Amino acid sequence: MNEILYLVIPCYNEQEVLPETSKRLKAKLGGMIAAGTVSPQSRVLFVDDGSRDTTWQLISELHERDPLFSGLKLSHNQGHQNALVAGLTVAKDLCDIAISMDADLQDDVDAVDRFVAEYQAGSDIVYGVRSSRKKDTLFKRTTAVGYYRFLRWMGVEIVQNHADYRLMSRRALEALSQYGEVNLFLRGIVPLIGFRTSVVAYERSERFAGESKYPLKKMLSFAVDGITSFSVKPIRLITTLGVLIFAVSVLCLLWLLVTKLFGHTVEGWTTLMGSVWALGGIQLLCLGILGEYIGKIYKEVKHRPRFVIDQLLND
Ligand code: UDP
Ligand code: MG
């Protein structure tokens, strides 16, 4: 088979892991090329997402020493998803198959063969799915399970326990490029493409070195994006809530009238304060949800580019 394979690796301040990652990827991809599984034009494409450490220096050195390594430098930090989209957009015109993978070796490099085997068996998209989450903290595990359930309930189809370790064929990449949203949430968009898909289970390890670039705050905003990009259910919920509260208040009014007519004036301080706080809270929450969507529209309407390329090293 002579397909060109690109391994697309977004990197943000990854100087601690890059030497090891490049070594393992070279062993893997070099081996596949030697075995004739993929074309000698296959490459490891490191996308430097505006790192502030020596990541880009390391990538350029790798490229100089070995043409197996390509580098794409974004003009500034655009976030994991956009860095991935940038890499995949560039790869689309250069390869037949692209596999996206994290730089920190959490995604099992040895699973690459199985991804390619699935592609050869006819799949256009292959999802890497974690076989277990033993290595995760209890907090991450429980929140992840809850989040996937919540997304399902919101009507967002998403592959369970799949991060961004995935293979896409060239035509899947071309289809992806037609999704014009500025804020792409790949895990939600890719399943919308269709085509034949399959799954490869892998053991997710701990980060090789350095620290996570997804602190809780970023993770939360990623989670909210995942919901608001694909579901209008939260807005519907607001409407439902509004109707319910209105119904309850009508009942309350009736009850007040009845008590008034029969001469029982109730003190009702607790109820009064309780409902003031509860209603205030609900209103703020609803405003917040609406604000999320309006913010989203605002961002999309401006139609800014998802990424700006500073430099491409590829030969
Ligand atoms: N990353 C990126 N831009 C960012 C943040 C992260 O390109 O703004 C990359 C990072 O270098 C890594 C991948 O995205 O290759 C996943 O990040 P990380 O491993 O820190 O996330 P976690 O695995 O902890 O969820
Ligand atoms: Mg990681």
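General observations
- Evaluated against (1) at positive phi; (2) away from ligand 1 (no atom under 16 Å from the Cβ); (3) not acidic (D, E), G210 falls short on exactly one condition, (2).
- Per the conditions (1) out of contact with any Ser or Thr (no Cβ under 6 Å at 6 or more places or on another chain); (2) on the phi > 0 side of the Ramachandran plot; (3) more than 13 Å from ligand 1 (Cβ to nearest atom), the sole criterion not satisfied by L176 is (2).
- The conditions of being closer than 26 Å to K213 by Cα and touching an Asp or Glu at 6+ places or on another chain (Cβ under 8 Å) are met by R130.
- Being in a helix (DSSP H, G or I) and closer than 30 Å to D48 by Cα is a condition met by at least one residue of the range 278-292.
- Unique residue being over 21 Å from the mean Cα position of the chain (by Cα), over 18 Å from L241 (Cβ atoms) and of a type outside the set (A, V, I, L, M, F, W, C) when the list is G295, G274, G268, G280: G268
- Evaluating L186 against the criteria (1) under 15 Å from the mean Cα position of the chain (by Cα); (2) more than 22 Å from L151 (Cα to Cα) leaves one unmet condition, (2).
- The criterion of at least 3 residues that are within 16 Å of ligand 2 (Cβ to nearest atom) is met by the following helices (runs of 4 or more DSSP H) wholly inside the range 120-226: 138-153.
Yes or no, residue by residue, for (1) part of a loop (DSSP other than H, G, I, E, B); (2) touching a Phe, Trp or Tyr at 6+ places or on another chain (Cβ under 9 Å); (3) among the small types (G, A, S); (4) touching a residue at least 24 places away in the same chain (Cβ under 8 Å):
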| residue | (1), (2), (3), (4) |
| --- | --- |
| G242 | no, no, yes, yes |
| I245 | no, no, no, yes |
| C252 | no, no, no, no |
| T259 | no, no, no, no |
| E267 | yes, no, no, no |
| G295 | no, no, yes, no |
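- Given (1) within 15 Å of ligand 2 (Cβ to nearest atom); (2) at pLDDT 95 or above, number of the condition E16 does not satisfy: (2)
- Test set (1) at pLDDT below 95; (2) closer than 21 Å to Y119 by Cβ - L45 fails condition number: (1)
- Test: residue in the range 24-42 that is within 16 Å of ligand 2 (Cβ to nearest atom), in contact (Cβ under 8 Å) with a residue 24 or more places away in the chain and more than 20 Å from S169 (Cα to Cα): yes
- E267 within 16 Å of ligand 1 (Cβ to nearest atom) and loosely packed, with under 13 Cβ neighbours inside 10 Å: no
The values are calculated or read from the model by the stated rules, or taken from the named source; none is laboratory data. Keep in mind that this is a model prediction, so the values were computed, not measured. Neighbour counts run over all protein chains shown; Cβ positions are idealised from the backbone, glycine included.
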